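Engineer: One structure, pasted below without further comment.
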Amino acid sequence: MLITTLKSKLHRVKVTEAQLYYEGSITIDEELLKIAHILPHEKVQIVNVNNGARLETYTIPGEWGSRTICLNGPAARMNEVGDEIIIITYAQMTEEEALLYHPKVIMVNEKNNPMT
């Protein structure tokens, strides 16, 4: 049997842009994607710390080092520039795999720079 468990997350990044008239998704600085082990076009869950909104979408790589977090399409209505969000990925694993797996959790500062 497989269970769904936390794979990785970007914790409390700030939304830097919201583009309502885009086909959808979330654009994330490609460097942040790499650090958090999130793939381009991977399904993510977005949790808005400011208003409690939750949604699912997929990632699009943004400019390396830009610290861009841009909600596109309908998601732009649920997240405003300046809101803090948590970007979460999940993976399906056996119970044995899940007990050995260590999720990648990236904390950031107020400018979306990863904290070491």
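Engineer: Mean-square fluctuation check for the chain, GNM, Cα pairs under 10 Å: which of ARG54, ARG67, ARG12 is largest?
Structural biologist: For the chain, modelled as a Gaussian network with Cα springs under 10 Å, the answer is ARG54.
Engineer: Heavy atoms only, probe 1.4 Å: what % of the accessible area of the chain goes to carbon and sulfur, would you let me know? Let's see the in-between values first.
Structural biologist: Working: 3570 of 6780 Å².
Answer for the chain: carbon and sulfur cover 53 percent of the accessible area.
Engineer: Given the options THR16, THR68, THR94, which has the most mean-square fluctuation in a GNM of the chain, springs set between C-alpha atoms less than 10 angstrom apart?
Structural biologist: THR94
Engineer: What list of ³J(HN,Hα) couplings, whole Hz, do you get for segment 40-57 from phi and the Karplus terms 6.51, -1.76, 1.60, once you set θ to phi - 60° and write x for glycine and proline?
Structural biologist: With the stated coefficients, segment 40-57 comes to x, 6, 6, 5, 9, 9, 10, 10, 8, 5, 6, 10, x, 5, 10, 7, 10, 7 Hz.
Engineer: First select every other residue whose beta carbon is under 14 angstrom from the beta carbon of SER66; then total the charges, Lys and Arg +1, Asp and Glu -1.
Structural biologist: Details: positive: LYS14, LYS34, ARG67, LYS111; negative: GLU17, ASP29, GLU30, GLU31, GLU63.
Within the 14 Å Cβ shell, the charges total -1.
Engineer: Which one of LEU6, ALA98, GLY82 is farthest out on the positive end of the charge dipole of the chain, using unit charges on Cβ (Lys, Arg +1; Asp, Glu -1) and the Cα centre as origin?
Structural biologist: In the chain, that residue is GLY82.
Engineer: To the nearest 20 Debye, how big is the dipole of the chain about its Cα centre, given +1 on the beta carbon of each Lys and Arg and -1 on that of each Asp and Glu? Spell out each step's value before the answer.
Structural biologist: Details: 11 positive and 15 negative charges, 36 e Å.
Here the chain has a charge dipole of around 180 debye.
Engineer: Say a site is exposed when it is one of the GluC sites (Glu not before Pro), sits in a DSSP loop, and has at most 16 other Cβ atoms within 10 Å; what is then the longest site-free stretch of the chain?
Structural biologist: Details: sites that count: GLU23, GLU42, GLU63, GLU80, GLU110.
Maximal segment without exposed cleavage sites: 81-109.
Engineer: Determine the dipole magnitude for segment 1-53: charges of +1 sit on the beta-carbon of Lys and Arg, -1 on that of Asp and Glu, nothing else is charged, the reference point is the Cα centre, and the result goes in debye to the nearest 20. Spell out each step's value before the answer.
Structural biologist: On the way: 6 positive and 6 negative charges, 63 e Å.
Approximately 300 debye in magnitude.
Engineer: Step through the residues of segment 93-106 one at a time and calculate ³J(HN,Hα) from phi using the Karplus curve (6.51 cos²θ - 1.76 cosθ + 1.60, θ = phi - 60°), rounding each to whole Hz and writing x for Gly and Pro.
Structural biologist: 3J(HN,Hα) across segment 93-106, in whole Hz: 9, 6, 4, 5, 5, 4, 5, 9, 7, 10, x, 8, 10, 10.
Engineer: Rank LEU99, LEU32, LEU71 by mean-square fluctuation in a GNM of the chain with C-alpha springs under 10 angstrom and give only the top-ranked residue.
Structural biologist: Between LEU99, LEU32, LEU71, it is LEU99 that shows the largest mean-square fluctuation.
Engineer: Per DSSP H run of at least 4 residues, take -39500 (n - 2.57); add these up for the chain, divide by its residues and hand me the 222 nm value, nearest 500 deg cm²/dmol.
Structural biologist: Values: 2 runs with 12 residues, N = 116.
Computed ellipticity for the chain at 222 nm equals -2500 deg cm²/dmol.
Engineer: I would also like to ask the following. Report the local net charge at ARG12: Lys and Arg +1, Asp and Glu -1, summed over other residues whose C-beta lies under 11 Å from its C-beta. Walk me through the numbers on the way to the answer.
Structural biologist: On the way: positive: LYS9, LYS14; negative: ASP83, GLU84, GLU110.
Here the count lands on -1.
Engineer: At 1.4 Å probe size, with no ligands or nucleic acids counted, give the accessible surface of VAL105 in Å², nearest ten.
Structural biologist: Its accessible surface works out to 70 Å², give or take rounding.
Engineer: Which whole-number value in Å² is the accessible area per residue of the chain, probe 1.4 Å? Walk me through the intermediate numbers first.
Structural biologist: Working: 6780 Å² over 116 residues.
Dividing the accessible area of the chain by its residue count gives 58 Å².
The values are calculated or read from the model by the stated rules, or taken from the named source; none is laboratory data. Because the structure is a prediction, the values reported are computed rather than measured. Don't worry about glycine lacking a Cβ; one is built from the backbone with ideal geometry, like all the others, and counts go over all protein chains shown. Areas reflect the complete protein model, heavy atoms only, side chains present, ligands, DNA and RNA absent. Shrake-Rupley method; radii C 1.70, N 1.55, O 1.52, S 1.80 Å.
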